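Input: a single structure, listed below in structure tokens.
The values are calculated or read from the model by the stated rules, or taken from the named source; none is laboratory data. Keep in mind it's a predicted model, so treat the numbers as computed, not measured. Glycine also receives a Cβ, built like all others from the backbone with ideal geometry; neighbour counts cover every protein chain displayed. Areas reflect the complete protein model, heavy atoms only, side chains present, ligands, DNA and RNA absent. Shrake-Rupley method; radii C 1.70, N 1.55, O 1.52, S 1.80 Å.
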Amino acid sequence: MASPDRLSVVLRAMADTRSDGPVSLVDRVCLAAVELLSLQGAGVSLIVEGQLRGTAGVSEAGITAIQELQFTLGEGPCVEAWASAQPVLEPDLDDRGATRWPAFARAALEAGVRAMFAFPLRIGAIRIGVLVLYRDRPGALDGEDLAFGLLLADVATQVILGLQAGAPAERLHDLLAREPAHWAEIHQATGMVALQLGVPLDEAFVRLRAYAFASDRPLREVAREVVARRLRLEEAR
Amino acid sequence: MTREDRIVEAFVELASAMVEQFDPVEFLQGLAERCVELLDCAEVGVLLADTAGALRVMASSSERTEALEILQTQSEEGPCFESFHRAQQVFSEDLAADQGRWPTFAPAAVEKGFRSVYAVPMRVRMQALGAMNFFRAEPGRIAEGDLPLGQGLADIAAVALVQERAGKESRGAVEQLQHALTSRVVIEQAKGMVAEQAGIDVDAAFVRLRLHAREHNRRLSEVAHDVVDGRLDARALAESRAGTSNR
């Protein structure tokens, strides 16, 4: 259980955070995490049935890409924390992490990430997403840090549900829907590929992802090519 | 399996109950059975307060009606009743000598063969949700260390219950969030499918989807769902644009 002390520390950090651009409440949770746990960055992904459905908040814009990459590759602490509904703590991506998630660990190390800690956003048995903490140096979270990580995930959960409660029916709250432009293109391309290959949408997404990975290009770039009709994924089996 | 292994297993079971399909009655039943295995007692009962604050029997280690009857006598007195209301541990090491303390409960328990009883509150923070009863056939003190262990199990169970209740209350909000998250993805996918089917760009595809929704007085997300589920195709959308009704 959260001690009232820690909660007030988190709330104060959220109130005190400074950032150049406009920040949402969920961004503030991420910024507070960075401040309190001396992180490189933090991000909150929204997930429905194992599919990444949005990035609710980040401590800085660059985090979005590395959160998404885990779903592009289908591996990484964020994906695993969602699937297991348990925190996934990886103190060294260059060591054990590299064997757990070879493709993702390589990319994360290139981006300067050394340790990652992922906490599912849970309310009882229900999960809505994952909070991921990034560090540029190896090392485990100590007990106090861990308690803060769990609490930050709880705070993020409540903030997200609180925001969404104020949204118009059927619509996602504006502050929870702030993806970069390529977000829509990836899903549009998925729809096109489903028809091009005659496969269900989830398989179409996997194929799009596989194509990007095999050709060593970012998913967003491949998606843009598909939407612009410069690329078709034809049946090539 | 050693006793330590069984204790660890019991805690893991309680903790994992929080993330799987959670049935409170089954969960508490399992807890009661575990306690009888692990602790120095003959029977275990779990009572939870209902919304009106009255204690109800939720689980018992045995289906023996006499054990249940004794548990039920505690709606207004008895160790569970006191433990719940004071959020503290309550015990009697000799029920035969404590008849005056609980005039209904104590004689009934003695008659059924129980000579001592312990009750521990199921607490989250300082608030009790209910209490657990450990019945023993002999008078005297429960084995060293068993009371803290019983309290630990009760506290973890209380956390699981609170999480489950919070989950139930938030379920509507979560469903609404997930619906909104899914809908906006489905709309983009539908744009892509219509664009591909009709050989138009995604912006034009969006115009068609919106127009169809408006003409048929339906939500955009519904129309998009129909497209991705194959119930509506681009040709139908094109016809709708020409003003003919379809579907």
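Does B:Pro139 qualify as being over 29 Å from A:Gln158 (Cα atoms), away from chain A (no Cβ under 14 Å) and assigned to a loop (DSSP other than H, G, I, E, B)? Spelling it out, B:Pro139 is indeed over 29 Å from A:Gln158 (Cα atoms), away from chain A (no Cβ under 14 Å) and assigned to a loop (DSSP other than H, G, I, E, B). The conditions are (1) open to solvent by 20 Å² or more (accessible area, probe 1.4 Å); (2) without any contact (Cβ under 8 Å) to a residue 40 or more places away in the chain, and A:Trp82 fails exactly one of them. Which is it? It is condition (2) that A:Trp82 fails. All conditions but one from (1) more than 7 Å from chain A (Cβ to nearest Cβ); (2) more than 24 Å from A:Val48 (Cβ to Cβ); (3) part of a helix (DSSP H, G or I); (4) not basic (Lys, Arg) apply to B:Gln197; the one that does not is (1).
Quick one: in the stretch A:196-215, which of the residues that are farther than 15 Å from A:Gly74 by Cβ and within 14 Å of chain B (Cβ to nearest Cβ) is surrounded by the fewest Cβ atoms within 10 Å (Cβ to Cβ)? Ranking the candidates gives A:Gly198 first. Residues that are surrounded by fewer than 16 Cβ atoms within 10 Å (Cβ to Cβ), free of Cβ contacts under 8 Å to residues at least 12 places away in the same chain and aliphatic (A, V, I, L, M) occur in the stretch B:92-99; there is at least one.
In this structure, A:Leu161 does not satisfy being touching a helix residue (DSSP H, G or I) at 6+ places or on another chain (Cβ under 7 Å), within 30 Å of B:Leu220 (Cα to Cα), at the interface with chain B (Cβ under 10 Å from one of its Cβ atoms) and touching a residue at least 40 places away in the same chain (Cβ under 8 Å). Here the condition is being in contact with a Lys or Arg (Cβ under 8 Å, 6 or more places away or on another chain), without any contact (Cβ under 8 Å) to a residue 60 or more places away in the chain and not polar (S, T, N, Q); of B:Ala180, B:Ala195, it holds for B:Ala180 alone. Residues in the stretch B:215-229 that are open to solvent by less than 50 Å² (accessible area, probe 1.4 Å), closer than 18 Å to A:Thr190 by Cα and within 12 Å of chain A (Cβ to nearest Cβ): B:Ser221, B:Ala224, B:Val227, B:Val228. Restricting attention to the stretch A:216-237, which residues are at pLDDT below 90 and either over 22 Å from A:Glu179 (Cα atoms) or within 11 Å of chain B (Cβ to nearest Cβ) (or both)? Selection gives A:Asp216, A:Leu233, A:Glu234, A:Glu235, A:Ala236, A:Arg237. Taking the listed residues A:Leu121, A:Leu150, the one that is closer than 23 Å to B:Leu177 by Cα, open to solvent by 10 Å² or more (accessible area, probe 1.4 Å) and in contact (Cβ under 8 Å) with a residue 60 or more places away in the chain is A:Leu150, with no other qualifying.
Take the residues in the stretch A:175-195 that are more than 7 Å from chain B (Cβ to nearest Cβ) and crowded, with 20+ Cβ neighbours inside 10 Å, then tell me which one is farthest from B:Ile187 (Cα to Cα). Checking each candidate, the answer is A:Leu175. Of the residues A:Glu170, A:Glu225, A:Glu234, the single one that is over 21 Å from the mean Cα position of the chain (by Cα) and at positive phi is A:Glu170. Inside the stretch A:35-60, residues that are at the interface with chain B (Cβ under 10 Å from one of its Cβ atoms) and more than 17 Å from A:Leu161 (Cβ to Cβ) make up a count of 3. Among the residues of the stretch B:129-188, the ones that are of a type in the set (Val, Ile, Thr) and either modelled with pLDDT under 85 or open to solvent by 20 Å² or more (accessible area, probe 1.4 Å) (or both) come to 6 in all. Here the condition is being closer than 26 Å to A:Arg217 by Cα and more than 15 Å from the chain's Cα centre (by Cα); of A:Arg28, A:Arg18, A:Arg100, A:Arg53, it holds for A:Arg100 alone. The number of residues in the stretch A:59-81 being touching a Leu at 6+ places or on another chain (Cβ under 9 Å) and either of a type in the set (Ser, Thr, Tyr) or more than 18 Å from A:Val206 (Cα to Cα) (or both) comes to 5. Looking at (1) of a type in the set (Asp, Glu); (2) crowded, with 16+ Cβ neighbours inside 10 Å; (3) modelled with pLDDT under 90, which one does B:Glu82 not meet, given that it meets all the others? Answer for B:Glu82: the failing condition is (3).
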